[in-house]
1. When you count, for each residue, the other Cβ atoms within 10 Å and take the mean per peptide, how do 28-37, 107-116 rank with the highest first?
2. For region 80-143, with the dipole built from +1 on Lys and Arg beta-carbon atoms and -1 on Asp and Glu ones, taken about the Cα centre, which of Thr143, Thr103, Ile86 lies farthest toward the positive end?
3. Per-residue counts of other Cβ atoms within 10 Å, averaged by peptide: what ranking do you get for 39-47, 53-61, highest first?
4. Which residues' amide hydrogens lie under 5 Å from the amide hydrogen of Lys97, considering only partners 5 or more residues apart or on another chain, with H built in the peptide plane?
5. What list of ³J(HN,Hα) values in whole Hz, one per residue of region 98-104 in order, does the Karplus curve 6.51 cos²θ - 1.76 cosθ + 1.60 (θ = phi - 60°) give from phi, with Gly and Pro shown as x?
6. How large is the dipole of region 80-143 about the Cα centre if only Lys and Arg carry +1 and Asp and Glu carry -1, each at its Cβ, rounded to the nearest 20 debye?
7. One-quarter of the Cα convex hull surface for region 80-143, in nm²?
8. State the antiparallel share, in %, of DSSP beta bridges confined to region 80-143, rounding to the nearest 5.
Amino acid sequence: WRAMTREKSKYGGDQSGALVENLALFLSDCLRDVLVIAGWSVSNAEHRLIGAMGEHLHIVALFAIELDRVIGEGITSQDLQVYSIICGSLFDDRFMKADEDGTGPIACTCNLGLRTDPMLDGVDCHETVALSKAGIIYFSSLTQ
């Protein structure tokens with residue numbers, strides 16, 4: 001009952017497309033503000049940002065809504081965590097995927113990962129599971 005009520009009231013009917021668009025615009029506004037604080041100064045910043053990142057922000061909005069649905073429907077009883085990889089780390093294929101060829105230490109994260117830390121009988125079993133691996137770039141791929 002809870003899942004049906006939530007689905008119809010929060011994501012209902014013809015508004016689902018508008019919900020994704022509004023969330024993508026909100027993300028664009030937030031990103032623009034961060035970039036301006038960081039020193040980005042261009043004319044018509046909003047238009048340029050949407051032109052450069054619009055499709056990516058739309059995808060993020062779609063996944064955010066889908067994740068919200070899954071959590072709201074109680075499909076997952078575990079806490080989900082977004083994670084990135086620390087500069088200088090070594091590659092671990094359980095939690096990382098290389099977006100470019102390379103070897104050695106990691107330079108940066110280019111795609112965030114999603115993980116869960118399962119609990120067994122209320123006790124943390126210290127077994128982290130990657131639901132979506134973080135994308136990484138090696139230092140060596142930057143110098144090739």
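Bear in mind these aren't lab numbers, they're just calculated from the coordinates by the rules spelled out. In this text the structure is predicted, and so the values were computed from the model without any measurement. We place every Cβ from the backbone using ideal geometry, glycine too, and count neighbours over all the protein chains shown.
1. Put in order of decreasing packing, that is 107-116, 28-37.
2. Farthest towards the positive pole: Thr143.
3. 53-61, 39-47
4. Answer set, sorted by chain and number: Ala134, Gly135, Ile136.
5. Going residue by residue, I get 7, 8, 9, 5, x, 8, x Hz, with x marking Gly and Pro.
6. It works out to roughly 160 debye.
7. Approximately 4.2 nm², given one-decimal rounding.
8. About 80 percent, rounded to the nearest 5.
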